[in-house]
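Here the structure is laid out as structure tokens; the discussion comes afterwards.
The values are calculated or read from the model by the stated rules, or taken from the named source; none is laboratory data. What you are looking at is a predicted structure, and each value in this text was computed from that prediction instead of being measured. Backbone-built Cβ (ideal geometry, glycine too); neighbour counts: all protein chains shown.
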Amino acid sequence: MFRLAHFSDIHLGPLPRISYRQLISKRITGYINWHRRRRIKLDNGIIDRLTDDMVAAAPDHIALTGDLVNLALDSEIEMARLWLEGLGEPDRISVVPGNHDAYVPGALDKACRAWGPWMRGDGHNGPIDRHSFPYMRVRGPVALIGISSARATAPFLASGYFQEEQAERTAAFLKEAGERSLFRVIMIHHPPIRGATSPHKRLLGISRFKKMLKAYGAELVLHGHTHLATVHWLDGLEGSVPVVGVAAAGQSHGSRKPAGHYNLFEIVGAPGAWQVRLTRRGSNGKSPEICELSSQLLVSGDRIPA
Ligand SMILES: [Fe+2]
Ligand SMILES: [Fe+2]
């Protein structure tokens, strides 16, 4: 059995002190937004409790699908790097960036440089930047394929992008991993699902993603961005592919969005007969303890739900 933990959107806080010069950009809207909404609703204590529980569960690998920071200030990127170091070995943790990690032009390259060890594909030795995606890492029977949908956007937009160049390279990875009989996991921050977000936050390139998935197949798609615990299905090469979202890891109880949790996937089987159990673990709101919130057989061996 291979156990894969997935969490997302940690939006590490609190925001460091910020200069007026740094605010002359899209960051001004994000700064006001953070102070109005995120500061009171995001709870770093819950992130610590979740990651402690996750590490104690000893998964074979951890996937983190973006939005590590808020405004992508240099000091936030450095804080997130130190936080990643504390979480575990780069070989055992795979990260893709989110729109908040690419908040203003130039930020994404800085984030990729700082977090490169956690975004490095097998056999890639050079520096990591925004052109290093997709990447592929093979761990046991699993191929983790990390896409970057992150790009600096205009104020009030949080769109993601999946363009032809990444689609071609992702397709090549899917083909190669399929021929090697691996369980293929695609990680992307923005959900490749129509209507999953409001229009100003959506992924541009959903049709391209769906076409690629239908032509080459995959076994699981993980995303963040919506801060919601969802399961959607997309057509793959030989059946439906689960597309799984997760709440923001730092979300506290009592807000519009669900409280923070992480997903634990237990994967067994072989091509054509994979079995996947999805367990969500977080705080149930009655006590701060992390407990099992739900558990379901997502893919049941010989039969893939329609
Ligand atoms: Fe987010
Ligand atoms: Fe996001």
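Here are some notes:
- The number of residues in the stretch 98-131 that are out of contact with any Lys or Arg (no Cβ under 8 Å at 6 or more places or on another chain) and not charged (D, E, K, R) comes to 15.
- Hey, residue 231 under 15 Å from the mean Cα position of the chain (by Cα), touching a residue at least 12 places away in the same chain (Cβ under 8 Å), under 22 Å from residue 211 (Cα atoms) and more than 16 Å from ligand 2 (Cβ to nearest atom) or not: yes
- Comparison of 183, 133, 162 shows that the only residue that is more than 16 Å from ligand 1 (Cβ to nearest atom), on the phi < 0 side of the Ramachandran plot, crowded, with 20+ Cβ neighbours inside 10 Å and over 15 Å from the mean Cα position of the chain (by Cα) is 183.
- Top-ranked residue in the stretch 93-132 [being closer than 16 Å to residue 151 by Cα and of a type in the set (Lys, Arg); ranked as farthest from ligand 2 (Cβ to nearest atom)]: 113
- Lone unmet requirement of (1) at positive phi; (2) part of a helix (DSSP H, G or I) for residue 209: (1)
- Test: residue in the stretch 84-101 that is of a type in the set (A, V, I, L, M, F, W, C) and over 16 Å from the mean Cα position of the chain (by Cα): no
- Flag: residue 151 does not match the condition of being within 25 Å of residue 128 (Cα to Cα), surrounded by 15 or more Cβ atoms within 10 Å (Cβ to Cβ), away from ligand 1 (no atom under 16 Å from the Cβ) and basic (Lys, Arg).
- When the stretch 231-260 is filtered for residues that are buried (at least 18 other Cβ atoms within 10 Å of the Cβ), modelled with pLDDT of 90 or more and part of a strand (DSSP E or B), the ones remaining, listed by number, are 232, 241, 242, 243, 244.
- Residue within the stretch 44-60 that is at pLDDT 85 or above, surrounded by 23 or more Cβ atoms within 10 Å (Cβ to Cβ) and either in a loop (DSSP other than H, G, I, E, B) or among the aromatic types (Phe, Trp, Tyr) (or both) present: no
- Among the residues of the stretch 204-224, the one identified as closer than 17 Å to residue 168 by Cβ and either within 16 Å of ligand 1 (Cβ to nearest atom) or of a type in the set (S, T, N, Q) (or both) is 207.
- Residue 66 satisfies every condition listed in (1) at pLDDT 90 or above; (2) in a helix (DSSP H, G or I) except (2).
- Of the strands (runs of 3 or more DSSP E) entirely within the stretch 87-205, those holding at least 3 residues that are within 18 Å of residue 245 (Cβ to Cβ) and in contact (Cβ under 8 Å) with a residue 24 or more places away in the chain occupy 142-146, 183-187.
- Boolean, residue 208 is more than 13 Å from ligand 2 (Cβ to nearest atom) and closer than 25 Å to residue 296 by Cβ: no
To keep it simple, each residue is scored yes or no on (1) closer than 16 Å to residue 236 by Cβ; (2) at pLDDT 95 or above.
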position: 155; (1), (2): no, no
position: 165; (1), (2): no, yes
position: 171; (1), (2): yes, yes
position: 174; (1), (2): yes, yes
position: 184; (1), (2): yes, yes
position: 189; (1), (2): no, yes
position: 205; (1), (2): no, yes
position: 213; (1), (2): yes, yes
